1. Excluding R467 itself, calculate the net charge of residues whose Cβ lies under 11 Å from the Cβ of R467, where each Lys or Arg counts +1 and each Asp or Glu counts -1.
2. From the protein chains alone at 1.4 Å, what is the descending order of accessible area for T318, T54, T253, largest first?
Amino acid sequence: MSEQSVPRRRIPRGVRIAGSILVGVIVYLIGLFTSAMALTANTWAFSDGELNDTGIVAVLLLLLIWGLVFLRHRWPWVPFISGGLLTAGWGDALMLLIAVFHLVIRAPRRQAIAASAVAVGLVVFSTVRMCLAPAEHNPFSIFFLPDPAQVTGLEATIPPEDSHLAITIITIAAGVIGLCTAVGVGVLLRRTRRMRAVESIAERETLRNESLTAQIARQSERELLARELHDTLSHRLSVISLHTGALEVGAQTDPEVASTASALRAEARASMEDLRHLVGGVRNGSLAGSRPSEESSVPPSRATMAAIPELISSVTSTGTVVYPLVVLQDVDACPPALDRAVYRIVQEALTNAMKHAPNVPVSVNVAVSAVRGIQISVSNPLPCEPGQVDVPPRPRHAPGSALQPGVHASAHGRRLAGHRPEAQEVHLESTGSGAGLIGIRERTEMFGGEASIGAFDNEFRVQVSFRPFSAQN
């Protein structure tokens with residue numbers, strides 16, 4: 001992680017408010033002192049060297065006026081106007097400079113420029129006036145009085161003549177330093193804030209560009225995978241569909257062969273539909289999207305738990321004996337990704353049984369409930385050794401027992417061992433690499449389920465269980 005991407009620690013709001021109040025109190029006290037010092041240059045505030053009634057009223061007004069300094073953050077124009085009156089009245093420009101400092105930082109550009117121009121004019125006017133006035137009427141002359149206890153008045157001590165130049169220089173320096181500090185530091189902080197805002201925007205744009213780059217890369221990978229899936233499988237499935245169609249037409253004299261060809265062609269068409277859905281989902285990244293509405297036209301080959309009965313029907317149409325017990329409840333409440341995973345697990349378990357144990361009955365038990373979770377069990381007898389008799393075991397569930405009133409269920413087992421035509425027997429080459437069983441385990445672990453796969457009591461079983469739906473969210 002780069003230094004620019006490290007988030008800055010923000011000062012707590014309470015600490016910032018307390019610091020602002022403390023700074024306001026300090027500025028308030030300093031401002032009262034400078035205004036009182038500036039008041040000494042006004043003869044109308046003194047009588048016989050002491051404050052008169054007018055001077056007392058002026059001091060009381062200063063107590064109220066300097067209270068406006070606490071508004072410098074929210075309403076800086078208020079202390080600006082008051083500071084301008086003090087600057088024009090008796091040369092006290094401190095409040096004006098404080099207000100200009102905050103206006104330069106926070107106000108729009110035009111307002112900041114206008115406030116700075118007005119402040120420069122008022123400070124220059126006040127400085128020139130104090131430099132042209134008698135030395136005893138300059139607030140800075142108090143530092144050069146022989147007796148600091150005496151202030152400007154009728155009997156005030158006049159500062160020495162050799163200090164007049166120093167008083168003028170201090171007056172000009174105070175005005176220049178005050179203006180440069182208020183305007184210069186304000187501009188510097190304004191640029192700093194602007195740079196921080198630009199950096200923040202740049203960081204957000206960088207993160208957004210990185211996210212978009214990752215999305216584009218993932219989209220390119222999905223496009224490549226979708227093309228490979230389509231180009232690799234669609235042609236082969238189309239060829240299989242054409243050949244099985246021709247076989248079905250040419251085997252009119254053999255109903256069993258025609259029936260098998262018809263089943264294979266239906267499976268090829270369903271596989272094409274699955275492939276189109278898969279390719280579209282890979283391209284759009286919507287394989288884990290929301291469940292389609294019931295009113296929408298959904299292909300029967302869509303990989304959902306509701307299609308498990310049709311999956312079993314397609315297997316039995318090839319001649320494989322299946323003893324199913326499928327009980328589906330609360331399927332609509334199941335997360336779409338888990339719904340699809342359950343279908344794929346049952347599909348792979350059936351494929352594994354047909355591939356490695358041909359001509360052997362398969363028992364399929366699927367129980368789905370939002371409260372009890374999902375239980376899947378697919379088992380088949382282990383293939384017989386050479387020389388042994390292949391006798392199908394007695395089914396643990398009669399074909400008719402799969403149907404229960406009020407429950408969406410399906411049972412397929414009408415082709416029993418003794419009635420299965422030899423023409424419909426399916427022999428799949430046992431060339432699997434175990435990837436199907438690995439996929440079952442991976443899908444199970446992905447959703448926090450448990451899988452038990454292996455030989456138990458002369459049977460090969462695939463048992464998978466998932467927690468209740470509420471625990472999946």
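The values are calculated or read from the model by the stated rules, or taken from the named source; none is laboratory data. Since we're looking at a predicted model, the values are computed, not measured. Reconstructed Cβ throughout: ideal geometry from the backbone, glycine too, with neighbour counts over all protein chains shown. The area values use the complete protein model at the heavy-atom level, side chains included, leaving out ligands, DNA and RNA. Shrake-Rupley method; radii C 1.70, N 1.55, O 1.52, S 1.80 Å.
1. Numbers: positive: R372; negative: E450.
Cβ neighbours under 11 Å give a net charge of 0.
2. On the way: T318 25, T54 70, T253 135 Å².
Most to least solvent-accessible, the answer reads T253, T54, T318.
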